[in-house]
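Read the structure below first, then the notes.
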Amino acid sequence: MSERFGWLEKELHLRLRPSGLLLAVAYAICYLALRQLSADQWYLPAGLRVAALLLFPLRLWPYLLVGEYAAFAYLRYPKIEMYGLAWFVGASALLMPIVAYIVHKHEKLRISGRYEWFLSVAALAAVVVTALNLASTYFLMTPAGEPVSWEKALKFVIGDYLGILILGPLAILWKQRRLPYASSRKLRWDAFVGVSIIALLSVYLVQFSSSDILQKNSIRILMVLPAIALTCLHGWRGAAIGVIAVNLAIGLTVNGGEARDYTNYAEAFIVQEILAVAGTALLWFGSTISHHYRKFTSQRQVEKQAMSIARTSILSTEREMRERAIRMKIIGEDMDISFRKAVQWLQGRGHHAAAMDMLRTSVIQSRLFREQLSLVYPSEIEHYGLYLVLESSAIAEVWDQTGRLATPRLKGDPCQLGLGLQLAAYRSISDAVALLLEQESGSILVRARCGRRGGYRGIVVSVSLLDNSRTLGEEISERAAEALSGRALAYGGSVRCRRNRICLLLAEPARAERAAYATAMPGVSAAQQAQATPLAPM
């Protein structure tokens, strides 16, 4: 026997385990209990069948099959003499295997991350199970069952479908309980509020008499509003919670009266149809929202990674320039020492005029060398901040020599910005001023303002012509965008050319990690890295 069924153990990893037998018993008990609580309009065992297949792995499905057969045997064994053995065996044999096949065929769609597959499973399972039940009733019962009517078939299909919409999403939500979700606390709070409103409306609905059909249907429509709000706020998860709550509330209130009172069956059937359409629409809409939200967040994550890489690249370039500046500074100091020794040697030999001439030359060359060194890398920015570099460093002297730069208008405290952001702003301002000096005539004004807004801190820069009547040409605007957009995008900002000015925005999170600066700028002291404190509002 073990050799004959060895393939079963190999393919499904099936072994008769106590836990599996307990699962079969639990499934059978739940099936019987839910059948007692159900009506034709809300048939919960159909939802239990799909939910169990979604909740448990493939290797445990045979135990679910055993559990359902046990439940059918308990329900139908006393009716064998009335309807015959063929009905007892045939009506029970295919339901769970067919639904399991449907669920298994949707496995690839389940992995894709979208949730429209669940609606397909629910619809196919409801239609196929209803068709099998009606066929077995008509062909296998002895004597033959009553003829099949479309109204009866539609009632059973929608009843099974609503039962699946109640329990199926619960299984999916349970399997996803440990998956990361951006606003899980807000989801729990919103779900509590929404379900509470639906519960209060259902309690209020029970108080109406059976003749107040219009008022009762109006309250049922109001029950859908919290489900719509949950769908809009939380996508598929909110839709699942809302649809489950509305289904249970309306199902319990209808079952209390008109679902089992077939004189009011038409009213209950209309509610059933509306609820099926509304639940389908909400789950579809919620799935679409979740899909686009995941797509948007993944794109945002890629953008953040690209920006992080770009910032790291910019900081690495600054680090290389800083190291070059340090080596050049050492060379300059060696040259100064050599000049001083030469001056002392000439003075010791009595060549005072030559010594003074060499001293003046060395001082001038040293000053020019240090100015060029500061243009390569403004080391003063690490100690005094961006604004002091713009006002009194080598770049300021270069601008003064042109006679076209007005006194900069600088506001805020740049030392509260990260070092990388200050360096990017310094390079961007230098490039923008150089571009206007080269392509335009007239005086130039630099404005800058540091500050904080929301969870970001940054700097807004404007490099403009003093003559407000002039407008930057299209070529200058294109060159400015090409030269400045790289740093701006790396720091989450933008570059715009408006009329007579180039506007630049650079920003970074207010709680930027100091480790990033320590890695990219290893020579910067801890005090300089501590420039990540919050700023005053812009």
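The values are calculated or read from the model by the stated rules, or taken from the named source; none is laboratory data. Owing to the predicted nature of the structure, the values given are computational and were not obtained by experimental measurement. Don't worry about glycine lacking a Cβ; one is built from the backbone with ideal geometry, like all the others, and counts go over all protein chains shown.
When the residues of region 94-121 are filtered to those that are hydrophobic (A, V, I, L, M, F, W, C) and without any contact (Cβ under 8 Å) to a residue 12 or more places away in the chain, which remaining residue is farthest from L134 (Cα to Cα)?
In the first step, residues of region 94-121 are kept if they are hydrophobic (A, V, I, L, M, F, W, C); the result is 94-96, 98-100, 102-103, 109, 111, 117-119, 121.
Applying the additional criterion that residues be without any contact (Cβ under 8 Å) to a residue 12 or more places away in the chain yields 109, 111, 117.
On the way: L109: 30, I111: 34, W117: 26 Å.
Result: I111.
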Is region 417-436 home to any residue that is surrounded by fewer than 18 Cβ atoms within 10 Å (Cβ to Cβ) and either outside any helix (DSSP H, G or I) or modelled with pLDDT under 85 (or both)?
no
Could you tell me whether region 116-128 includes any residue that is outside any loop (DSSP other than H, G, I, E, B), modelled with pLDDT of 90 or more and more than 36 Å from the chain's Cα centre (by Cα)?
yes
Single condition M328 does not satisfy, out of (1) out of contact with any Leu (no Cβ under 6 Å at 6 or more places or on another chain); (2) touching a residue at least 12 places away in the same chain (Cβ under 8 Å):
(1)
Within region 349-374, count every residue that is under 26 Å from Q401 (Cα atoms), surrounded by fewer than 16 Cβ atoms within 10 Å (Cβ to Cβ) and not small (G, A, S).
11
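Filter region 285-310 for residues that are of a type in the set (G, A, S) and surrounded by 11 or more Cβ atoms within 10 Å (Cβ to Cβ) and give the result. Lay out the reasoning, then the answer.
Filtering region 285-310 down to residues of a type in the set (G, A, S) leaves 286-287, 290, 298, 306, 308, 310.
Scanning region 285-310 gives G286, S287, S290, A306, S308, A310.
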Qualifying residue in region 393-412 (condition: outside the structural domain of V463 (by TED's automatic domain parsing), within 19 Å of E320 (Cα to Cα) and not aliphatic (A, V, I, L, M))
no
Test A355 against the criterion of being of a type in the set (G, A, S), in contact with a Leu (Cβ under 6 Å, 6 or more places away or on another chain) and more than 24 Å from A448 (Cβ to Cβ), and give yes or no.
yes
Quick check on region 81-100. Is at least one of its residues in a helix (DSSP H, G or I), modelled with pLDDT of 85 or more and touching a Cys at 6+ places or on another chain (Cβ under 7 Å)?
no
With criteria (1) over 22 Å from T253 (Cα atoms); (2) of a type in the set (A, V, I, L, M); (3) buried (at least 16 other Cβ atoms within 10 Å of the Cβ), A46 comes up short on (1)
Filter region 140-161 down to residues that are modelled with pLDDT under 75 and under 20 Å from M96 (Cβ atoms), then give me how many there are.
1
Matching residues in region 314-325 - criterion: being free of Cβ contacts under 8 Å to residues at least 40 places away in the same chain and not charged (D, E, K, R)
T317
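Would you confirm, using the coordinates I've provided, whether L346 is without any contact (Cβ under 8 Å) to a residue 12 or more places away in the chain, buried (at least 17 other Cβ atoms within 10 Å of the Cβ) and not assigned by TED's automatic domain parsing to the domain that holds S428? Explain how you work it out, then say what you get.
Working: without any contact (Cβ under 8 Å) to a residue 12 or more places away in the chain: no; buried (at least 17 other Cβ atoms within 10 Å of the Cβ): yes; not assigned by TED's automatic domain parsing to the domain that holds S428: yes.
No, not satisfied.
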Anything in region 382-414 that is surrounded by 20 or more Cβ atoms within 10 Å (Cβ to Cβ), touching a residue at least 60 places away in the same chain (Cβ under 8 Å) and in contact with a Gly (Cβ under 8 Å, 6 or more places away or on another chain)? List them, or say none.
G412
Just to be sure I understand, how many residues within region 205-234 are surrounded by fewer than 23 Cβ atoms within 10 Å (Cβ to Cβ), part of a helix (DSSP H, G or I) and either assigned by TED's automatic domain parsing to the domain that holds A122 or not basic (K, R) (or both)?
15
So the check is Cβ under 9 Å with 6+ separation or different chains; which pairs have a first residue in region 236-248 that's within 18 Å of I289 (Cα to Cα) and a second one that's of a type in the set (K, R) and buried (at least 24 other Cβ atoms within 10 Å of the Cβ)?
none
Residue list for region 318-336, filter: over 16 Å from E371 (Cβ atoms) and acidic (D, E):
E318, E320, E323, D334
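Assess whether P180 counts as being at pLDDT below 80, in the same structural domain as L44 (by TED's automatic domain parsing) and either of a type in the set (V, I, T) or not in a helix (DSSP H, G or I) (or both).
no
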Which condition breaks for L484 when tested against (1) at pLDDT 90 or above; (2) within 12 Å of L505 (Cα to Cα)?
(1)
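May I ask you to say which residue of L65, L44, L85 is free of Cβ contacts under 8 Å to residues at least 60 places away in the same chain and under 16 Å from V129 (Cα atoms)? Break it down stepwise before answering.
Details: L44 fails: free of Cβ contacts under 8 Å to residues at least 60 places away in the same chain; L85 fails: under 16 Å from V129 (Cα atoms).
On inspection, the qualifying residue turns out to be L65.
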